[in-house]
Amino acid sequence: MDAGSAVATIMGDYASVEQWQTEIYLDLHRNPELSMQEVRTRGVIARELEALGYRVDEIGGGLVGTLDNGPGATVMLRADFDALPVREETGLDYASTATAVNPEGKTVSVMHACGHDCHVASLLAMGALMMRHREQWSGRLQLLFQPGEETGEGSKSMVADGLVERVDKPDVVLGQHVFCGPVPAGHVGVVPGPFMSTAVNVDITLHGRGSHGSMPHLGVDPIVLAANVVQRLQTIVARELSPHEFGVVTVGVVEAGTRPNVIPETARLKLNVRAYDEAVRARILAAIERITRGEAAAAGAPREPEFRYYESFPVTDNDDVVASRLTASFGRDLGEKNVHRIEPLTASEDFSVLADAFGAPYCFWLLGGAPEGVSIPNHSPKFAPVLQPTLETGTRALVSAACEYLR
């Protein structure tokens, strides 16, 4: 049987799993958990996979459900399952009211503001349908559920806990991410090559010399130093990168001082850096250090600045051949008008860490989650993909992608 016929048969049975899938989605949405704290979520996924008949391996805070179904390719499909410290403002009757204690010890609201509940529900439904219709395909199916995507910890945790040694090497690694725009619900977007940017956060501590606000000449003001650094950092993209190179340097946090008449000892900057190329990112980071050290020296700072790099994400660089195959299979199984070649996104992901650990080619695509003309950014307190056709399309896209390889 050809892949198109297999997908049609498998998805022809979607009505039998729709209610179950919706209940899983609503449960996960009401009960979100922060990155690397997803104990309940992991338990729900493990229970459902075992009930479906998958062999389940817990690895590094995540899970891999495996189904061996005769000779053929090994296909890994990934969904992430952590949520964000965001207070939900969607007004939905299933909106999250959950709270949790973050790593800094602060109680925060928690919300699935990035659609990971949709990813899990789609992959579980796909797994259920592939199990029910094993006569339609042959090979090995690996459903990987990953913690801690938002902080970049989860994929590294699974790799560090022996993912590569504990499951068979996949021939291809596949995944999707829901967005409320730039394509509407019922549609998907594919990008060959660089799809999502590399990213890293940078904390900079600037040292001054404290003094009374009335006696600035007796101190070194780290707030003035911080202001100069912030201004100069904006010249990196504007004046050091080629107009053909993409880069972002955002200063998201400036912390300093306690009183209007006190010059503090230190100031702190928190930056986010993005690029579509690791070499460009390295040049940006080198420029950040050069400019910061230069401004500190010019200000007469008593100590060198301190730099800390964290929550680092690689470039998501889709394999051209895999992306081409999926574009064709999506066109066949979702309809040509529902498949789009889109521009790369400036968001970041750790999906590629998993594929790179195996040395396997991969493709990560965009799943539309909002009606035509509606655009709500991920991480917004109002982020809310429509249930349908989003869940069905997410399931169909995963079935289509897998069946392209599991003949």
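The values are calculated or read from the model by the stated rules, or taken from the named source; none is laboratory data. Note that the structure is predicted; figures quoted are calculated from it, not measured. When we count neighbours, we look across all protein chains shown, and the Cβ atoms used for this are built from the backbone with ideal geometry, even at glycine. SASA here: full protein model, heavy atoms, side chains in, ligands and nucleic acids out. Shrake-Rupley method; radii C 1.70, N 1.55, O 1.52, S 1.80 Å.
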What are the residues in segment 148-182 that are within 22 Å of Gln388 (Cβ to Cβ), out of contact with any helix residue (DSSP H, G or I) (no Cβ under 8 Å at 6 or more places or on another chain) and crowded, with 22+ Cβ neighbours inside 10 Å, if any? Phe179, Cys180
Flag for Ala301 being touching a His at 6+ places or on another chain (Cβ under 7 Å) and either of a type in the set (Gly, Ala, Ser) or more than 30 Å from Ala360 (Cβ to Cβ) (or both): yes
Checking Ile45 against (1) open to solvent by 10 Å² or more (accessible area, probe 1.4 Å); (2) of a type outside the set (Gly, Ala, Ser); (3) in contact with a strand residue (DSSP E or B) (Cβ under 9 Å, 6 or more places away or on another chain), which test does it fail? (1)
Tally the residues that are within 29 Å of Glu153 (Cβ to Cβ) and either surrounded by fewer than 21 Cβ atoms within 10 Å (Cβ to Cβ) or among the small types (Gly, Ala, Ser) (or both), restricting the search to segment 184-225. 10
Unique match (being open to solvent by less than 10 Å² (accessible area, probe 1.4 Å), touching a residue at least 12 places away in the same chain (Cβ under 8 Å) and at negative phi) among Ser122, Ser109: Ser122
Would you point out the residue of segment 1-28, among those that are polar (S, T, N, Q) and within 30 Å of Gly43 (Cβ to Cβ), that is surrounded by the fewest Cβ atoms within 10 Å (Cβ to Cβ)? Gln19
Quick count over segment 243-282, residues being in a strand (DSSP E or B) and either under 19 Å from the mean Cα position of the chain (by Cα) or over 16 Å from Pro222 (Cβ atoms) (or both), is 10
Residue hits (segment 131-145; in contact with a Ser or Thr (Cβ under 6 Å, 6 or more places away or on another chain) and open to solvent by less than 10 Å² (accessible area, probe 1.4 Å)) are Gln142
What do you reckon, is Phe307 touching a residue at least 12 places away in the same chain (Cβ under 8 Å) and open to solvent by less than 10 Å² (accessible area, probe 1.4 Å)? no
Name every residue in segment 366-382 that is open to solvent by less than 10 Å² (accessible area, probe 1.4 Å) and out of contact with any His (no Cβ under 8 Å at 6 or more places or on another chain), in order of residue number. Gly369, Ala370
Tell me the residue from Ala128, Ala100, Ala79 that is surrounded by fewer than 16 Cβ atoms within 10 Å (Cβ to Cβ) and among the small types (Gly, Ala, Ser), please. Ala100
What's the number of the only condition in (1) over 31 Å from the mean Cα position of the chain (by Cα); (2) open to solvent by 60 Å² or more (accessible area, probe 1.4 Å); (3) free of Cβ contacts under 8 Å to residues at least 12 places away in the same chain that Gln231 fails to meet? (1)
So, in segment 37-95, of the ones that are assigned to a strand (DSSP E or B) and small (Gly, Ala, Ser), which residue ends up nearest to Met131 (Cα to Cα)? Gly65
Of the residues that make up segment 102-110, is at least one at pLDDT 95 or above and either among the hydroxyl-bearing types (Ser, Thr, Tyr) or part of a helix (DSSP H, G or I) (or both)? yes
Which residue pairs have Cβ atoms under 6 Å apart, sit 6 or more places apart or on different chains, and have a first residue in segment 34-51 that is over 15 Å from His112 (Cβ atoms) and a second that is at pLDDT 95 or above and not in a helix (DSSP H, G or I)? Met36/Pro147; Met36/Gly148; Met36/Glu153; Ala46/Val56; Ala46/Leu63; Leu49/Val56; Leu49/Gly65; Glu50/Val56
Out of Ser312, Ser348, which single residue is in contact with a strand residue (DSSP E or B) (Cβ under 8 Å, 6 or more places away or on another chain), of a type in the set (Gly, Ala, Ser), farther than 21 Å from Met126 by Cα and outside any strand (DSSP E or B)? Ser348
Tell me which residues, restricted to segment 322-341, are open to solvent by 20 Å² or more (accessible area, probe 1.4 Å) and under 24 Å from Phe246 (Cβ atoms). Ser324, Thr327, His340, Arg341
